[in-house]
Amino acid sequence: MSGHWFDRLKWSFSGETHYQTMNGLFGNTLKPYSQLKAEYKTIKEQRRHFAVTKHVPYANVRDFKTVQWYPGKHPCEKPLDLMRHIIEASSRRGDVVLDTFTGSGSMAIACRELGRAFHGCEMGEIEFKGAVERLS
Ligand SMILES: C[S@@+](CC[C@H](N)C(=O)[O-])C[C@H]1O[C@@H](n2cnc3c(N)ncnc32)[C@H](O)[C@@H]1O
């Protein structure tokens with residue numbers, strides 16, 4: 001299934017000859033090929049990035065080691081490996097990642113490592129200071 005939904009063919013575009021044949025079958029009611037192609041290009045550029053590879057495999061369930069306790073640990077600190085996986089599968093280098101529940105700042109650290117800009121929100125003053133400290 002993953003081959004069906006995520007392969008590159010999904011984003012390939014019909015050639016003009018085939019399109020005109022199809023247009024003929026529909027009584028020449030389809031929009032001009034050049035217009036359709038321009039619209040499609042915009043969609044293709046704007047769609048959310050989703051890239052899974054041998055190194056960033058896709059699965060519904062993935063295992064990552066939990067972060068072991070250490071003094072000052074955020075109770076919900078997520079493993080950096082998990083954050084790296086999410087970032088690499090769903091963004092490109094240079095993209096901006098928004099994490100509205102920053103907590104320990106794991107996502108921010110992974111973003112910095114992988115060349116993504118980071119915007120975060122954290123309402124807890126202690127948690128915020130902890131994240132800033134971790135980042136610096
Ligand atoms: C589950 S933790 C996030 C853990 C984070 N992913 C990590 O790896 O450390 C949720 C965090 O979101 C913060 N939070 C909850 N509601 C919030 C809100 N409305 N605005 C900003 N931060 C919020 C909490 O203080 C908490 O630190």
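The values are calculated or read from the model by the stated rules, or taken from the named source; none is laboratory data. Values in this document were obtained by computation on a predicted structure and should not be read as measured data. Here the Cβ is made from the backbone with ideal geometry for all residues, glycine too, and neighbour counts use every protein chain on show. Surface areas here come from the heavy atoms of the whole protein model, side chains and all, with no ligands, DNA or RNA. Shrake-Rupley method; radii C 1.70, N 1.55, O 1.52, S 1.80 Å.
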Which listed residue, of Phe50, Phe64, is aromatic (Phe, Trp, Tyr), under 13 Å from the mean Cα position of the chain (by Cα) and modelled with pLDDT under 95:
Phe50
Could you list, in sequence order, the residues of segment 58-69 that are within 13 Å of the ligand (Cβ to nearest atom) and either open to solvent by 90 Å² or more (accessible area, probe 1.4 Å) or hydroxyl-bearing (Ser, Thr, Tyr) (or both)?
Thr66
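If you check Glu77, Glu45, which single one turns out to be assigned to a helix (DSSP H, G or I) and either at pLDDT 90 or above or acidic (Asp, Glu) (or both)?
Glu45
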For segment 87-136, what are the residues that are small (Gly, Ala, Ser), assigned to a helix (DSSP H, G or I) and closer than 23 Å to Val56 by Cβ?
Ala89, Ser90, Ser106, Ala108, Ala110
Identify, by number, the condition in (1) away from the ligand (no atom under 16 Å from the Cβ); (2) in contact with a Pro (Cβ under 6 Å, 6 or more places away or on another chain) that Lys44 doesn't meet.
(2)
Could you look through segment 94-130, keep only residues that are within 14 Å of Cys76 (Cα to Cα) and in contact (Cβ under 8 Å) with a residue 40 or more places away in the chain, and pick out the one that is farthest from the ligand (Cβ to nearest atom)?
Gly130
Restrict the check to segment 94-115 and report whether at least one residue is open to solvent by less than 90 Å² (accessible area, probe 1.4 Å) and among the basic types (Lys, Arg).
no
Single residue of segment 23-54 satisfying the filter (touching a helix residue (DSSP H, G or I) at 6+ places or on another chain (Cβ under 6 Å) and more than 23 Å from Glu88 (Cα to Cα)) that is surrounded by the most Cβ atoms within 10 Å (Cβ to Cβ):
Tyr33
